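Q: Here it is, the structure, as structure tokens.
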Amino acid sequence: MGAEAERTDQVAGEWAGVAPDAAQRLVGAAVEAFAERGYHATTTRDIAGRAGMSPAALYIHYKTKEELLYRISVTGHERALKIMAAAAEAEGTAADRLCHAVRAFASWHAERHTTARIIQYELKALGEEHYAEIAGLRRQTDRLLREIIQDGTDAGEFSVRDVPGTTLAVLSLCVDVARWFTADGKRTPDQVGELYADLVLGMVGARRP
């Protein structure tokens, strides 16, 4: 399989929930363009060209460039929330669940680092209504992780003085993976997840499950 085919398969897998196919192609093209040029420097003509479509065809599916950013952001944040919810609902001790949460969250930010950079660092470009929706998803993700850390603290598994502050630190650590990770680096996404799980367990004073 060639590099172009591999890229196409990855885009299709990441945005499988976006329909129809033309809308999915536009989202993939927007991710590429925003990552390469930044949101504000990217034009709708650039996005349409990357998708092999005309600018007029783009507006059939997305009325504005901001709507494309919103689609990317909401899909990415919903995925992040599902990752955290799965960890919060898993069986085992708080340390088990925290390890699960950090490993999955950090590795996702590595594996999908291009998308993650956009959804984490282009938030201010969203319109007020869309921003409020994304902020709500982020608060839910924060709450789930905070509950895991609070459970571990209450049970004596963790030694944490400031649960909200520690939650923010853990989320920030995982999110930052998207900023520095490259596919040709020394660590795979799974290895990053394992490393960060160890680091976070050390932060809260817990042993690795």
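Q: To the nearest 10 degrees, how steeply does helix 163-175 sit against the main Cα axis of the chain, on a 0 to 90 scale?
A: It works out to around 40 degrees.
Q: Sticking with this one: Convert each backbone phi in the range 103-113 into a coupling constant with the Karplus relation 6.51 cos²θ - 1.76 cosθ + 1.60 (shift: θ = phi - 60°), then list the ³J(HN,Hα) values in order as whole Hz, x for Gly and Pro.
A: 4, 5, 5, 5, 5, 5, 5, 7, 4, 10, 4
Q: When only C-alpha pairs under 8 Å and at least 6 residues apart count, what is the relative contact order of the chain, in percent? Provide the component values of the computation, followed by the final result.
A: Working: 221 pairs, mean separation 50.2, N = 209.
Once normalised by length, the contact order is 24 percent.
Q: Given Cα pairs under 8 Å that are at least 6 residues apart, what percent is the relative contact order of the range 54-155? Mind showing how you got there, number by number?
A: Details: 65 pairs, mean separation 41.8, N = 102.
For the range 54-155, the relative contact order is 41 percent.
Q: How much net charge surrounds Trp180 when only other residues with a Cβ under 12 Å from its Cβ are counted (Lys, Arg +1; Asp, Glu -1)? Walk me through the intermediate numbers first.
A: Numbers: positive: Arg117, Arg179, Lys186, Arg187; negative: Asp176.
Net charge around Trp180: +3.
Q: Something else now. If each DSSP helix of 4+ residues adds -39,500 (n - 2.57) and the sum is divided by the residues in the chain, what number results at 222 nm, nearest 500 deg cm²/dmol?
A: Values: 11 runs with 154 residues, N = 209.
About -24000 deg cm²/dmol.
Q: Where a Cα-Cα gap under 16 Å defines reach, which aspartates and glutamates qualify for Lys186, not counting those fewer than 8 residues away within the same chain?
A: Partners within reach: Glu111, Glu194.
Q: Could you order Arg161, Arg79, Arg112, Arg179 so the one with the most accessible surface comes first? Probe is 1.4 Å. Walk me through the numbers on the way to the answer.
A: Numbers: Arg161 245, Arg79 115, Arg112 50, Arg179 145 Å².
Result of the area sort, largest leading: Arg161, Arg179, Arg79, Arg112.
Q: Put one equal scatterer on each alpha carbon of the chain, apply the Debye formula with no solvent term, and list log10 I(q)/I(0) at q = 0.09, 0.13 1/Å to two decimals.
A: -0.39, -0.75
Q: How much net charge surrounds Thr42 when only other residues with a Cβ under 9 Å from its Cβ are counted (Lys, Arg +1; Asp, Glu -1)? Spell out each step's value before the answer.
A: Numbers: positive: Arg37, Lys65; negative: Glu36, Asp46.
Combined, the nearby Lys, Arg, Asp and Glu give 0.
Q: Cross-link partners among aspartates and glutamates for Lys124, C-alpha distance below 15 Å, same-chain residues fewer than 8 apart left out?
A: Result set, ordered by chain and number: Glu66, Glu67, Glu133.
Q: Order the following by accessible area, largest value first: Lys65, Lys82. Probe radius 1.4 Å; ligands, DNA and RNA are ignored. Mind dumping the intermediate values first?
A: On the way: Lys65 40, Lys82 135 Å².
I get Lys82, Lys65, largest accessible area first.
Q: Taking +1 at the Cβ of each Lys and Arg and -1 at the Cβ of each Asp and Glu, which of Gly205, Thr42, Thr75 sits farthest along the dipole of the chain towards its positive end, judged by Cα position relative to the Cα centre?
A: Thr42
The values are calculated or read from the model by the stated rules, or taken from the named source; none is laboratory data. Quantities reported herein were computed from a predicted structural model and do not represent experimental measurements. All Cβ positions, even for glycine, are placed from backbone atoms using ideal geometry, and neighbour counts span all protein chains on display. For the accessible areas, the whole protein counts, side chains as well, though only heavy atoms, and no ligand, DNA or RNA atoms are used. Shrake-Rupley method; radii C 1.70, N 1.55, O 1.52, S 1.80 Å.
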